[in-house]
1. Could you work out the local net charge near I140, counting Lys and Arg as +1, Asp and Glu as -1, over the other residues with Cβ closer than 15 Å to its Cβ?
2. Please report the net charge: other residues with Cβ closer than 14 Å to the Cβ of T67, K and R +1, D and E -1.
3. Provide the FRET efficiency to the nearest 0.05 for the I149-I17 pair, computing r from the beta carbons and using R0 = 30 Å.
4. In the neighborhood of F117, defined by Cβ-to-Cβ distances under 10 Å, what is the net charge if each Lys or Arg adds +1 and each Asp or Glu adds -1?
5. Given 0.36 nm per residue, what is the gain on full extension from R85 to I29 after removing their alpha carbon distance, in nm?
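Where a number appears in this text, it was derived from the coordinates with a stated rule and is not lab data. Predicted model only: the values in this text are computed from it and were never measured. Cβ placement follows ideal geometry from the backbone for every residue including glycine, while neighbour counts extend to all protein chains displayed.
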Amino acid sequence: MHLNLNHNLALLNNISIVEQVYAYVLICIGAVFEGELALLAGAISAKGGLLDIRLVWLMAFFSTLGTDWILFLSGKYLGERIMKRYPSLQNRTHKPLTWIHLHPNLILIIYRFIYGFRIVTLLILGMSRVSTKRFIMYSIFSVFTWSMIYSLLGYYLGNVISKTIDNFEYLGVYLIGGLMVLSFMVFLFKTATRRVLVKR
């Protein structure tokens, strides 16, 4: 354990501050678009010694939490305008509305894990009778749980990958960059697909 810690510290010292900042910024940006991929990439790189897993988790946690709060407040104060402007969102409100009506507390806890419906769910939560104070309390727990799970999963995957790839620790920056590009491409693909479906 002591040797592993010293090894990671040595790697961190060999990586420029600019590269580290670049990686953490990418994690923050990626967490907004495709949070799971961004967090997994950061945690895997942390296992390789490129980044500090604590900072990876903090970046993803606060970036995701801030995004969720913005979406919730947007729903609360601009919900009707947003739904009118983006019909694709309005067409996808039936399931989230049903879930929130039947199990409001459960949705407040697990909304971060409802892939594909997070944005519309957060907007609808904002438009519902859920108070801002109540949402903030639940969202902190939800984002904390979500970020911890994916951080640990990514760290475990990094351990598996490091055993099969030589010099894995030096591929961290490229891994993050590649996954961030992939995250952005997935986001663009999903956005374009929704627009096509709306036109039909």
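1. Details: positive: R112, K133, R134; negative: D68.
Value of the local net charge: +2.
2. Values: positive: R112, R118; negative: E34, E36, D68.
Computed value for this residue: -1.
3. Values: r = 30 Å, r/R0 = 0.99.
Efficiency for this residue pair is about 0.50.
4. Working: positive: R92, K95, R118; negative: none.
Within the 10 Å Cβ shell, the charges total +3.
5. Details: separation 56, 0.36 × 56 = 20.16 nm, distance 2.48 nm.
Going from the current span to full extension adds 17.7 nm.
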